[in-house]
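The values are calculated or read from the model by the stated rules, or taken from the named source; none is laboratory data. Note that the structure is predicted; figures quoted are calculated from it, not measured. Cβ placement follows ideal geometry from the backbone for every residue including glycine, while neighbour counts extend to all protein chains displayed.
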Amino acid sequence: MNTTFKTLSIAAALAASLGLAGCAANAGSGNSMPMDHGSAGAMSSAMPSAGSMSTGANADHNQADIMFAQMMIPHHSQAVEMSDIILAKSGMPAEVAALATKIKAAQAPEIQQMTGWLAGWGIPTAMGDHSGHGMTGMVDDAGIEKLKSATGADAAKLFLEQMIGHHEGAIEMAQQEISAGKSPDAVKLGHDIVDAQQAEITRMKQLLATL
């Protein structure tokens, strides 16, 4: 009787252990961020590997918040770079220069804010080899060099055209954060980006019509 009881107890313990492992695996598979593949292919292509999906996520934030910050930092950094390029040129229309100044003034502090979130979450700022790659709206190296070499009205027009696409990419990422994020601060920033950059797109299109 004792031998039989011990055998049954061990079998029950193993079954319970396997059952818990299965539940844990199923729970882990639910950490993936909901994606709209029609509008968020760029974010989907930069999705971290399955092994890193649960890293750093807790009750205050989730993987969507982490990816939003990690991707928006280089995206914002390029907008600041483009603004610096146009502000360094002479003969820029006053309204274009004012817009570049506004973009830089808004996005530089947001970079610091998102960097602070990641530091607080114990997450690296960069996404390894994926950082900055495949994001909608990012201007390639050739485009940045073209902006640097352009002058006068051509430079102003190119800046506006590039920044419209850049803003549209940021809005797409922000909308993903709004729909899937968990951190109240990160979701709020997503709303702020959508509101501010949509208004700036409208203004940039108006300015383009005058050049």
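Structure summary
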| quantity | calculated |
| --- | --- |
| Residue within the stretch 85-106 that is of a type in the set (Val, Ile, Thr), touching a Lys or Arg at 6+ places or on another chain (Cβ under 7 Å) and farther than 30 Å from HIS61 by Cα present | yes |
| Residue match in the stretch 189-203 (condition: of a type in the set (S, T, N, Q), surrounded by 14 or more Cβ atoms within 10 Å (Cβ to Cβ), within 11 Å of the chain's Cα centre (by Cα) and assigned to a helix (DSSP H, G or I)) | no |
| Residue check for GLN112: more than 25 Å from LYS205 (Cβ to Cβ), among the polar types (S, T, N, Q) and at pLDDT 95 or above | yes |
| Subset of the stretch 86-116 that is buried (at least 19 other Cβ atoms within 10 Å of the Cβ) and among the β-branched types (Val, Ile, Thr) - its residue that is nearest to LYS148 (Cα to Cα) | ILE86 |
| Filter result (under 27 Å from GLY91 (Cβ atoms) and buried (at least 17 other Cβ atoms within 10 Å of the Cβ)) within the stretch 162-183 | GLN162, MET163, ILE164, HIS166, HIS167 |
| Any hit, the stretch 47-70, residues being under 20 Å from GLU145 (Cβ atoms), under 17 Å from the mean Cα position of the chain (by Cα), of a type outside the set (Phe, Trp, Tyr) and modelled with pLDDT of 95 or more | no |
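To keep it simple, each residue is scored yes or no on (1) touching a residue at least 24 places away in the same chain (Cβ under 8 Å); (2) more than 30 Å from TRP121 (Cα to Cα); (3) of a type outside the set (D, E, K, R).
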| residue | (1), (2), (3) |
| --- | --- |
| VAL139 | yes, no, yes |
| ILE144 | yes, yes, yes |
| LEU160 | yes, yes, yes |
| MET163 | yes, yes, yes |
| MET173 | yes, no, yes |
| SER179 | yes, no, yes |
| ASP185 | yes, no, no |
| HIS191 | no, no, yes |
| LEU208 | yes, yes, yes |
